[in-house]
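Asks: Just dropping this structure here.
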Amino acid sequence: MTDEAIIRLFAFLIGVLTLATLGGAAMRWRYGRTDGIENFQHRTYAWWVMVAILTLAILAGRALTLALYAGLSALALYEFLRQRPAEIIRTPTSLAAFAVVIPIQYWLIWVEWYGLFVVFIPVYGFLLIPILAVLQGKTEGFLHNVSEIHWGLMLAVFSLSHVPALLLLDIPGFEGRNILLLAFLVLVVQSSDVLQYLWGKAVGRHKLAPSVSPSKTVEGLVGGVASACAVGAFFAWLTPFTRFEALLISFLAATMGFFGGFVLSAIKRDRGVKDWGVLIPGHGGILDRVDSLVFAAPVYFHFIRYWWSA
C-alpha cells in the first residue's frame, strides 16, 4: 500500500506542477513579465524543489533522510546567523552550534531517544550556549548574541528536526509508512502558503499587520487555511487519520505554519532584509522555504504522538 500511495501522490503532484509550469509560461508569453506572474512562477519552481527533496527523502531511507535534514538545518542556521557581524559566526559558541548541537540532535532521532531529543536543545543547548559565550570574556552585547544563537537553534534545528522525527513514531497499523506523514505535513503547510497568497491577491482587503508583512491579509489567512484543510481532507488516504481528523490536523498545521512565516517576517523586518538567502533563485533561501514548517512541525509531531502513537 505504501508504494501505491506514493505513486498516486507523486503522479498528482507532478501533474499539477506540470500544468502550473505550462500555465505560468503561457501567461508570461501572453501578458509579458509582471510581478504577479513572476511570483507565481517562482512559487512553482520552489514547489519543484520541494518535490525533489521529498523524493530524495522517500528514496534515500532513514539514514540519508536524517543527513539531508541535518544539512538543511545547518544551512538554515547559517542563514539565520549570517546577517550578524562575521565574528559572531566564527566564535566557539557558533561553532559548537554547528559541530556539536546539530549532529547530536539528529543522532538522537537516529537512535530513537525521544526523551532526550525533545529536551536536548531547549534545556542542555540553552545552558551550553551562554556557558561557552561567557568563557570568551566579552560582555558587550552578550545577551543579544546568545539570544540570536538560541533562536537560531530553536528554529533551524530543534523545530525543523521534528519533520524527520516523524519517522520514529510507532503508529499501530501504519508501520513502515511514516514517510507519508512527512509528505502530508509538507503538502498541507506549503499548499497553505501558496493558497494564502492566491486568496490574498484575489479578495484580500484587510491587512493583518502591514508593518510586518504588507501582503498578508485576513482574507488570505482565512481562505488559505480553509483551502489547506480541504487539501488535507482530500489526502487523508495518505495517513492513519479519518477524513475529519485530517481536516482538523490540517487546520492546526496550516494555522501554525502561517504564524511561523509571520514571525520570521517580523525578524527579517527587524534585521532590514528581504530574504534569508539566495539559494533558490528569486525565492530566497532555505529558511524562506521552511519558515512555515518550523512552527507547524513540532505541534504536528506531538499531536500525532499523543493521539496515535503506541
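The values are calculated or read from the model by the stated rules, or taken from the named source; none is laboratory data. Note that the coordinates shown come from a computational prediction; the quantities given were computed from them, not determined experimentally. FYI the Cβ positions are ideal-geometry reconstructions off the backbone, even for glycines, and counts take in every protein chain you see.
Asks: Could you list all residues from the stretch 296-310 that are more than 8 Å from the chain's Cα centre (by Cα) and assigned to a helix (DSSP H, G or I)?
Replies: Across the stretch 296-310, the qualifying residues are P298, V299, Y300, F301, H302, F303, I304, R305, Y306, W307.
Asks: As an exercise: evaluate V203 against (1) within 16 Å of the chain's Cα centre (by Cα); (2) surrounded by fewer than 23 Cβ atoms within 10 Å (Cβ to Cβ) and give the number of the one condition it does not meet.
Replies: (1)
Asks: Separate question: Restricting attention to the stretch 184-191, does a residue exist that is over 25 Å from F303 (Cβ atoms) and not β-branched (V, I, T)?
Replies: No, that holds for no residue.
Asks: Somewhere in the stretch 151-166, is a residue part of a helix (DSSP H, G or I) and more than 16 Å from the chain's Cα centre (by Cα)?
Replies: Checking the stretch 151-166: not a single residue is part of a helix (DSSP H, G or I) and more than 16 Å from the chain's Cα centre (by Cα).
Asks: How about the stretch 234-274: which of its residues are over 25 Å from L167 (Cβ atoms) and over 15 Å from the mean Cα position of the chain (by Cα)?
Replies: Scanning the stretch 234-274 gives F244, A266, I267, K268, R269, D270, R271, G272, V273, K274.
Asks: Quick one: which residue in I171, I179 is surrounded by fewer than 20 Cβ atoms within 10 Å (Cβ to Cβ) and of a type in the set (A, V, I, L, M, F, W, C)?
Replies: Exactly one residue qualifies, and that residue is I171.
Asks: Can you work out which of the residues in the stretch 77-90 that are assigned to a helix (DSSP H, G or I) and at pLDDT 80 or above is nearest to A133 (Cα to Cα)?
Replies: By that ranking, first place goes to L81.
Asks: I would also like to ask the following. Anything in the stretch 28-85 that is among the small types (G, A, S) and over 30 Å from L238 (Cα atoms)? List them, or say none.
Replies: Scanning the stretch 28-85 gives G32, G36.
Asks: Out of all the residues in the stretch 91-100, is one or more within 18 Å of the chain's Cα centre (by Cα), under 30 Å from V134 (Cβ atoms) and surrounded by 18 or more Cβ atoms within 10 Å (Cβ to Cβ)?
Replies: no
Asks: Quick check, is L166 under 26 Å from E219 (Cβ atoms) and at pLDDT 90 or above? Explain how you work it out, then say what you get.
Replies: Values: under 26 Å from E219 (Cβ atoms): no; at pLDDT 90 or above: yes.
The answer is no for L166.
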